[in-house]
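Accompanying notes for the structure given below.
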Amino acid sequence: MNEGLRRSSAHVLTSDLNAPVLGHEVSHHLQRVLRLRAGETVTVTDGKGNWRECHWTGETVEVAGDIQASQARDKLIVAVAIPKGDRLEWMVQKLVEIGVDRIQLLEADRSVVRWDDRRTQKHLERLQRVVEAAIGQSRRVWNCEILAPISTHEVLSEMAIAEPGGRSIRKGDVAVAVGPEGGWSDSELAVASESVSLSEQILRVETAAVVGATLMAAHRS
């Protein structure tokens, strides 16, 4: 990680690196929660691998350094059944910190948690705030998509599934699907392209997702 990113007092997403604009919640966080002093360094990123240093004015940021571009990398995808309760937010936070680029939520045949159309948008907005906070904490310069739940049968033919007895994750693996705690159904196993083993133990959904992401990140190019 670049030393400028590591040492900045805060790190935030913005849509325009040439004229960074901070939302009200972000400004409030920097001012009231982090209590930054005027002149402290804040790094901003467009979520596309580009970032630059700015100075905090007390209310907003002013550009202070040149735009820096990070080297392109393999994009990592985790498709995962929705875990119960606040375990979902914890999982999303950790996947972002590890470096996952897309989190595809799944409705599996044996899923316990299912969202109705009315509440899906509300859930996704809440999780987007978790994503942005984790980007700031981890100083990453690539955004992370979090996508509304879809049926497992739409994606399992395109990626490896986490399943005991599968092969080990290796270089070149960039996508893994994690099922619900009740396991994959026979029909889901039938359409899966291949399986990978994440542990000799039985893992919770969110633990399996984090382990899969960590192993893929360790082999990332």
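The values are calculated or read from the model by the stated rules, or taken from the named source; none is laboratory data. A quick note: this is a predicted structure, and the numbers were derived from the prediction, not measured. All Cβ positions, even for glycine, are placed from backbone atoms using ideal geometry, and neighbour counts span all protein chains on display.
Here is how the numbers come out for the structure above:
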quantity: Candidate set from the stretch 125-176 (those that are hydroxyl-bearing (Ser, Thr, Tyr) and surrounded by fewer than 14 Cβ atoms within 10 Å (Cβ to Cβ)); member that is modelled with the lowest pLDDT; calculated: 157
quantity: Search result, residues across the stretch 139-154 that are over 11 Å from residue 96 (Cβ atoms) and outside any strand (DSSP E or B); calculated: 139, 141, 152, 153, 154
quantity: Yes/no for residue 99 being touching a residue at least 60 places away in the same chain (Cβ under 8 Å) and not assigned by TED's automatic domain parsing to the domain that holds residue 176; calculated: no
quantity: Residues of the stretch 1-43 satisfying the condition of being assigned to a loop (DSSP other than H, G, I, E, B), more than 22 Å from the chain's Cα centre (by Cα) and within 17 Å of residue 135 (Cβ to Cβ); calculated: 20, 21, 34
quantity: Single residue of 157, 185, 138 found to be of a type in the set (Ser, Thr, Tyr), in contact with a helix residue (DSSP H, G or I) (Cβ under 9 Å, 6 or more places away or on another chain) and within 30 Å of residue 15 (Cα to Cα); calculated: 138
quantity: Per-region count, the stretch 187-214, residues within 19 Å of residue 158 (Cβ to Cβ) and either assigned to a helix (DSSP H, G or I) or outside the structural domain of residue 91 (by TED's automatic domain parsing) (or both); calculated: 9
quantity: Residues satisfying the stated conditions in the stretch 35-62, i.e. more than 21 Å from residue 101 (Cβ to Cβ), in contact with a strand residue (DSSP E or B) (Cβ under 9 Å, 6 or more places away or on another chain) and either surrounded by fewer than 14 Cβ atoms within 10 Å (Cβ to Cβ) or small (Gly, Ala, Ser) (or both); calculated: 37, 38, 39, 62
